Number of protein chains: 2
Amino acid sequence: MDFSIRAAIVEDCKDVARMNLDLATYEKVPEQVTVTQKDLEQDGFSKNPFFQCLIAEVPQQHKSKDGYTLIGFALYFYSYSAWRGKSIYLEDLYVMPEFRGQGVGKALLSKVAQQGLAAGCHMLNFTVLHANQSSVDFYLRRGGFDMTSDVGYHFMAFEEDAMQQLART
Amino acid sequence: MDFSIRAAIVEDCKDVARMNLDLATYEKVPEQVTVTQKDLEQDGFSKNPFFQCLIAEVPQQHKSKDGYTLIGFALYFYSYSAWRGKSIYLEDLYVMPEFRGQGVGKALLSKVAQQGLAAGCHMLNFTVLHANQSSVDFYLRRGGFDMTSDVGYHFMAFEEDAMQQLART
């Protein structure tokens with residue numbers, strides 16, 4: 001299949017917001033998505049952006065059945081490990097279902113690794129839903145290391161309410 | 001106990017490197033620490049730093065038995081959730097054993113939450129070794145949410161070799 005990977009521009013945020021919601025709807029938790037197109041535009045494309053984004057694109061003649069040419073994305077940011085140093089964090093990797101199995105996800109992941117290495121990063125981190133076996137397999141096949149299963153790391157969060165409580169103490 | 005929390009300066013990196021190694025030695029994996037004092041200085045205190053750091057400090061009269069006044073740190077960076085938006089990631093939180101149980105960790109965590117909220121973050125993420133029960137309890141007691149136990153997220157990594165292989169494909 002003919003596709004290309006490129007850095008996202010602010011005009012892509014509409015499509016990223018669409019794919020975000022597609023994924024959350026597929027996972028039956030659309031209410032979890034509070035990020036809007038406007039948030040993505042502001043947070044990723046102003047001075048000191050919070051994230052970087054890569055876009056997978058097909059030419060017009062291969063557009064999706066709904067008419068889309070932007071068919072996948074990878075959202076990442078630079079991070080740090082106190083023990084290992086400069087790292088890169090893959091927050092989200094998504095390919096529209098009708099374009100899967102054709103190397104798009106692999107190409108996005110490869111480009112994220114290239115960006116990380118170019119910036120001097122020693123590690124690429126991400127989380128994956130363990131129940132999503134095809135996704136887990138995708139990463140393990142490519143040399144991914146499961147730090148939860150193998151070392152016992154749990155991924156934790158304080159949501160905004162809990163953050164506010166922490167901040168007051 | 002008398003202590004203060006402040007933003008780290010480049011001169012603190014020697015102490016952060018020391019505490020880093022103390023922790024890894026305690027966990028019996030000192031070889032996992034490849035980050036040097038110089039790395040911390042360059043990665044955290046040049047233009048576009050990869051991390052931010054808070055320091056817990058005691059006055060001279062309360063110095064540690066080995067003579068240290070810098071007795072804990074929190075290393076964090078800004079991150080992003082494709083669904084939730086601006087986030088903050090706590091990479092490491094450490095308090096020297098002889099100063100534990102006196103609110104230093106709590107004060108560091110509180111300050112990280114404050115920094116995150118001030119920057120408009122909706123979530124504070126981190127990982128914890130599940131076997132470290134006192135640490136897990138510390139976070140759960142304060143409203144932390146275990147996204148591995150409760151939702152099934154696994155924390156994954158590609159180490160540098162695997163990144164290079166990804167980048168070549």
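The values are calculated or read from the model by the stated rules, or taken from the named source; none is laboratory data. What you see is a predicted model; the values in this text were computed from it and never measured. Here the Cβ positions follow ideal geometry from the backbone for every residue, glycine too, while neighbour counts run over all protein chains shown.
Just to be sure before I move on: is A:Leu140 in contact with a helix residue (DSSP H, G or I) (Cβ under 6 Å, 6 or more places away or on another chain) and without any contact (Cβ under 8 Å) to a residue 40 or more places away in the chain in the structure I sent? Talk me through it step by step, then tell me what you get.
Numbers: in contact with a helix residue (DSSP H, G or I) (Cβ under 6 Å, 6 or more places away or on another chain): no; without any contact (Cβ under 8 Å) to a residue 40 or more places away in the chain: yes.
The answer is no for A:Leu140.
Out of everything in the stretch A:114-142 that is farther than 16 Å from B:Tyr153 by Cβ and touching a strand residue (DSSP E or B) at 6+ places or on another chain (Cβ under 6 Å), what residue ends up being surrounded by the fewest Cβ atoms within 10 Å (Cβ to Cβ)?
Once the filter is applied, the top-ranked residue is A:Gly120.
If I filter the stretch B:83-102 for residues that are among the hydroxyl-bearing types (Ser, Thr, Tyr), free of Cβ contacts under 8 Å to residues at least 12 places away in the same chain and surrounded by 20 or more Cβ atoms within 10 Å (Cβ to Cβ), do I get at least one hit?
From the stretch B:83-102, those among the hydroxyl-bearing types (Ser, Thr, Tyr) are B:87, B:89, B:94; that's our starting set.
Checking which are free of Cβ contacts under 8 Å to residues at least 12 places away in the same chain leaves us with none.
Taking every residue of the stretch B:83-102 in turn, none turns out to be among the hydroxyl-bearing types (Ser, Thr, Tyr), free of Cβ contacts under 8 Å to residues at least 12 places away in the same chain and surrounded by 20 or more Cβ atoms within 10 Å (Cβ to Cβ).
Just to be sure I understand, how many residues within the stretch A:4-14 are surrounded by fewer than 20 Cβ atoms within 10 Å (Cβ to Cβ) and either touching a strand residue (DSSP E or B) at 6+ places or on another chain (Cβ under 7 Å) or β-branched (Val, Ile, Thr) (or both)? Let's see the steps before the verdict.
Step one: of the stretch A:4-14, the residues surrounded by fewer than 20 Cβ atoms within 10 Å (Cβ to Cβ) are A:4-7, A:9-11, A:14.
Filter once more, keeping what is either touching a strand residue (DSSP E or B) at 6+ places or on another chain (Cβ under 7 Å) or β-branched (Val, Ile, Thr) (or both): A:4-7, A:9-10.
Number satisfying all stated conditions: 6.
Any residue at all in the stretch B:38-53 that's assigned to a strand (DSSP E or B) and either crowded, with 22+ Cβ neighbours inside 10 Å or at pLDDT below 95 (or both)?
Here is the first cut: in the stretch B:38-53, the residues assigned to a strand (DSSP E or B) are B:52-53.
Narrowing further to those that are either crowded, with 22+ Cβ neighbours inside 10 Å or at pLDDT below 95 (or both): B:53.
Yes; the residues of the stretch B:38-53 include at least one that is assigned to a strand (DSSP E or B) and either crowded, with 22+ Cβ neighbours inside 10 Å or at pLDDT below 95 (or both).
Among the residues of the stretch A:56-75, is any within 9 Å of chain B (Cβ to nearest Cβ), outside any helix (DSSP H, G or I) and either within 16 Å of the chain's Cα centre (by Cα) or in contact (Cβ under 8 Å) with a residue 12 or more places away in the chain (or both)?
In the first step, residues of the stretch A:56-75 are kept if they are within 9 Å of chain B (Cβ to nearest Cβ); the result is A:73, A:75.
Right, trim to outside any helix (DSSP H, G or I) and you get A:73, A:75.
This time we only want the ones that are either within 16 Å of the chain's Cα centre (by Cα) or in contact (Cβ under 8 Å) with a residue 12 or more places away in the chain (or both), so: A:73, A:75.
Scanning the stretch A:56-75 turns up at least one residue that is within 9 Å of chain B (Cβ to nearest Cβ), outside any helix (DSSP H, G or I) and either within 16 Å of the chain's Cα centre (by Cα) or in contact (Cβ under 8 Å) with a residue 12 or more places away in the chain (or both).
For the structure I just gave you, tell me whether B:Val33 is buried (at least 21 other Cβ atoms within 10 Å of the Cβ), within 16 Å of the chain's Cα centre (by Cα) and closer than 23 Å to B:Ala17 by Cα.
Working: buried (at least 21 other Cβ atoms within 10 Å of the Cβ): no; within 16 Å of the chain's Cα centre (by Cα): yes; closer than 23 Å to B:Ala17 by Cα: yes.
Answer is no for this residue.
Between a first residue in the stretch A:18-45 that is closer than 18 Å to A:Ala74 by Cα and a second residue that is β-branched (Val, Ile, Thr) and surrounded by fewer than 17 Cβ atoms within 10 Å (Cβ to Cβ), which pairs have beta carbons less than 7 Å apart while being 6 or more apart in sequence or on different chains?
A:Glu41/A:Val10; A:Phe45/A:Val10
Go through the stretch B:1-32 residue by residue and tally those that are assigned to a loop (DSSP other than H, G, I, E, B) and modelled with pLDDT of 95 or more.
Step one: list which residues in the stretch B:1-32 are assigned to a loop (DSSP other than H, G, I, E, B), which gives B:1-3, B:8-9, B:27-29.
Narrowing further to those that are modelled with pLDDT of 95 or more: B:3, B:8-9.
Count: 3.
Would you tally the residues in the stretch A:137-155 being under 19 Å from A:Ala107 (Cβ atoms) and within 7 Å of chain B (Cβ to nearest Cβ)?
Residues of the stretch A:137-155 that are under 19 Å from A:Ala107 (Cβ atoms), as a first pass: A:137-144.
Checking the rest, the ones that are also within 7 Å of chain B (Cβ to nearest Cβ) come to A:139, A:142-144.
Of the residues in that region, 4 qualify.
For the subset of the stretch B:92-136 comprising residues that are in a strand (DSSP E or B) and hydroxyl-bearing (Ser, Thr, Tyr), which member is farthest from the other protein chains (Cβ to nearest Cβ)? Working first, answer last.
Within the stretch B:92-136, the first condition is being in a strand (DSSP E or B), and the residues that meet it are B:92-95, B:123-129.
From the residues that got through so far, the ones that are hydroxyl-bearing (Ser, Thr, Tyr) too are B:94, B:127.
Numbers: B:Tyr94: 8, B:Thr127: 5 Å.
In this case the residue turns out to be B:Tyr94.
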